[in-house]
Structure formats: C-alpha cells, structure tokens
Amino acid sequence: MSWLVAFDLEGPLSPQDNAYEVIGRVPRGHALFERLSRYDDLLTLAGREGYEPGDTLKLLVPFLLANGLTEADIREVSAGAALVPGAVETVAALRERGLPVVVISTSYCQHAHTIAARLGIPAAQVACTHLPLDAMREELDAADRAFILEVQEELLALPLAAEEGLSACCDRFFWAELPRRPVGRLMAAVEVVGGARKTAALTRFAGMFGVPLERAVVVGDSITDFKMLALTAKAGGLAIVFNGNEYALPYGSCGVAARELRAVLPLIEAFLEGGRSLVRERVTALANCGGAADPVYHWLAEGTAIETVLPFHKKFRQLLRGEAAKLG
C-alpha cells in the first residue's frame, strides 16, 4: 500500500503570495488586498454559510478585471517567484522514495502550475483555482468597471483596523450589489480551492493513488489549510504545520518552524517507518537535541498551548515570506 504527500503551495513551497503581488501592480493594490484578506478572515471565523477560507481570490476577481490585469500579469509575477529553500530537494527526496507528491493550493492555476513544474510535479497532480481572466475581461462593461473602481476607493479610504466599516462595505458590495450586475455572474463562476475544497481535493488525490487518509501526509501553514490539516489528523495521518499562523497551528499533528523545507523530512520518514507514535518520539528527540534555534519542532496533537509555539513560527514565517507573512 502506498503513501501520499500533499503540500500547500504558498508558504511551504514558495514564499510569494501571487495574488497579493499581482494586484500590487496597481496603485495601492497591496492595501486593497490586505482589506479583502481581512474580510476573508472575518467571514471564515464567523462561519458564513457557503464561504470557504481563501475565497479572497474570488473576492479579488472584480478588482483584477476593473484594473485591466491579465493572465500574462499572473504568469509574469509567478515567473519571478522564489522557492522556499530546500523545496526542490525535499520534493526530489520524496519522489526518489517512490512517494506521490501533490499540490493543493488556493493559487490561481497560472501560478500553481508554474511552481509545480519547477519542482517536477505534473499538472495532473495539482489542484488549484481556475481563472480564465482574459475571457472574463471581454465581458466586463464600462458601467460595471466604473462601479467596481468606486468601491475600490471606498475600501481604500477605510483603515484596515476598521472591521465594522470594512464588513459593512464588503457585505453590501459582494452580497447585495454585485449579484445584480453582469460582473457578478463572472465572479460566481470562480471556485477557489480553499477550506473544504482542499479536503475534497485531498480525498480525490487519495483515491487516485489508492491511499487511505491514515497514510497521508499534509503540509500546510494558514487558514486555507486548517480543514485539510484537521481531516488528515482525525483520520490518523500526519498533519505538519510549516511556519504556520494561529489559524493553522491548532489543527496540526506537529509543527516545524524553519528556514528550510527539508526540516520536514525526518518527520515524514518517521511516519513511514512507525506512524504518528514514532513521529512524536522523533519530535521530542529533535526538540531536545541541544536547543538548536533552527529548525524548531513541536508536537501539537495533544493540547499544546499554541501561544507558546506561535512566536517561533511567526519568526520564520516573517523571515521567509516578508510582507505576505501577515496575511491569513
């Protein structure tokens, strides 16, 4: 019986937040993305029906269209994306061992396929967000474009910390006004691979390779991954949080805070050799091997106080991801 290793893309494999950098091509685009990302967090934490973490990439679509951004922009930004140190070596080591490696990402496919190809992972083993942006832009009329740009200015006028005003503005735009316009139909067709859609992709890949989830390893870091991490841990698989934030850490089996992805390999090897019990032993041994500052290992599965672990992950998350580290 085989095994399966699934990686989130942005964070574990590449530090770039591609959508953040793409919208950053327009004036104050980063500030706009930060407001949409915070709104995404608020909707997720509130448990809005039908909404999945990571749907920021759906919320962003009207603004990509109105600002004239293209699929070429996504690919150009992606072409300049770095890989996390050790990502090439980690994927190569897993593949040399005969393990199927898949990517499950909220990223637009133009970016996800670019990064996966650099790592030797075929497109058929990548789940990502399909965005036919160029075809969609041909259907955007002048009235909708002007309306979206007006809302963009309204959002940018709000302080990021003004969550009540931010929610009110976004609630009105996305759920009341936009559905009545032609552009609302375009946005509705975009299905972001985040939250429960990541768990569906994981289940699909497990079926493709004939692997039960108890023999799956998942590596994630953020709010879009928590359902996938939780499903894997509950099934008896190994859920690794790599340089994670407060939204992901509570759902992992173990945590790895490091500047190199190769730091996850000893835990994966232990899981293949002796299951989660051996992983726990290995984590304990590595955590007590002389107080090394990098990597730092934590066992998370039995009620670890996340506040004691989070500072280590924040440190390396910031080190590797820069401005993208603050996004959910």
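The values are calculated or read from the model by the stated rules, or taken from the named source; none is laboratory data. Since this is a predicted model, take the numbers as computed values, not measurements. Don't worry about glycine lacking a Cβ; one is built from the backbone with ideal geometry, like all the others, and counts go over all protein chains shown. Quick note on the areas: whole protein, heavy atoms, side chains included, nothing else; ligands and nucleic acids left out. Shrake-Rupley method; radii C 1.70, N 1.55, O 1.52, S 1.80 Å.
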Exercise. In whole Å, what is the distance between the alpha-carbon centres of region 191-234 and region 265-320?
Worked result: 20
Seminar exercise, completed: Farthest towards the positive end of the dipole of region 133-240, among ALA196, VAL218, LEU155 and with Cβ unit charges of +1 on Lys and Arg and -1 on Asp and Glu, lies the Cα of VAL218
Seminar exercise, completed: Ordering 212-225, 140-153, 78-91 by per-residue average of other C-beta atoms within 10 angstrom, highest first, gives 212-225, 78-91, 140-153
Exercise. Got a number for carbon plus sulfur as a percent of region 80-175's accessible area, 1.4 Å probe?
Worked result: 55
Problem set entry | Sulfur and carbon atoms: percent of accessible area, region 194-328 [1.4 Å] | 55
For this session: Quote the charge dipole size of the chain about the Cα centre in Debye, to the nearest 20; the model charges only the Cβ of Lys and Arg (+1) and of Asp and Glu (-1).
Result: 700
Problem set entry | Accessible area expressed per residue, the chain, with surrounding protein chains retained (probe 1.4 Å, Å²) | 39
